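The block underneath contains the structure these notes are about, expressed in structure tokens.
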Amino acid sequence: MLLTGDHMKGVVVAMLVGFALPVAVAAAAGPFDGTYSGGSPAVSRTCPTTNGTVSVVDGKVNGKFAESRYTFSLTGTVAPDGTMTGKWAGSYPVTGKFTAGHFEGTYASKECGTERRISLDKSG
């Protein structure tokens, strides 16, 4: 079958769209995507240092932190401006901001009786 005129244009457009889609999807990663590590400094003997790693993929935050006896999760979302909202240990609200490969945030700790700071730096 020989294609001419409008049929040929349609085929060419379909081919171009087919080649462009994988490139567009690959370039869709968020500006804060990556792996970050760090933690919270000790507040007292009852609130020791925590250390952990967080992964940000397409604006979704997921990570694990540990201290001497316990492991805690950190989940949340990152807005286009870098503002993060989420949960520490499944129930404590976390807020903070990603900027230039760094995250600074806080969460309220019932066990510590105070707000705790979280500081993370992007790896690699």
(request) Return the whole-Å distance between the Cα centroid of the stretch 68-91 and the Cα centroid of the stretch 92-122. (result) 8
(message) Can you compute the charge dipole magnitude of the stretch 34-122 about its Cα centre, using +1 on each Lys and Arg Cβ and -1 on each Asp and Glu Cβ, nothing else charged? Give it in debye, rounded to the nearest 20.
(response) 220
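Nearest 0.05, what FRET efficiency do Thr85 and Asp33 give at R0 = 25 Å with Cβ-Cβ as r? Walk me through the numbers before you get to the answer.
Details: r = 17 Å, r/R0 = 0.69.
The formula returns an efficiency of 0.90 here.
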(message) Could you compute the net charge surrounding Thr75? Neighbours are other residues with a C-beta less than 13 Å from the C-beta of Thr75; K and R count +1, D and E count -1.
(response) +3
(message) Per 0.36 nm of contour for each residue apart, how much would the distance between Glu67 and Glu111 grow if the chain were fully extended, relative to their Cα-Cα spacing?
(response) 14.5 nm
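Hey, what's the Cα Rg ratio for the stretch 34-122 versus the globular rule of thumb, 2.2 N^0.38 Å?
Working: Rg = 12.0 Å, N = 89, 2.2 N^0.38 = 12.1 Å.
Scaled against compact globular proteins, the figure is 0.99.
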(request) Name the lysines eligible as straight-distance cross-link partners of Lys87: C-alpha to C-alpha under 17 Å, and not fewer than 8 places from it in the same chain. (result) Lys60, Lys64, Lys97, Lys110
(request) Tell me which residues come under 5 Å, amide H to amide H, from Val61 once H is placed; ignore anything under 5 positions away on its chain. (result) Gly76, Thr77, Val78
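Every number here is computed from the coordinates shown, using simple stated rules; none is lab data. Because the structure is a prediction, the values reported are computed rather than measured. Neighbour counts are summed over all protein chains in view; Cβ atoms, including those assigned to glycine, are modelled from backbone coordinates with ideal geometry.
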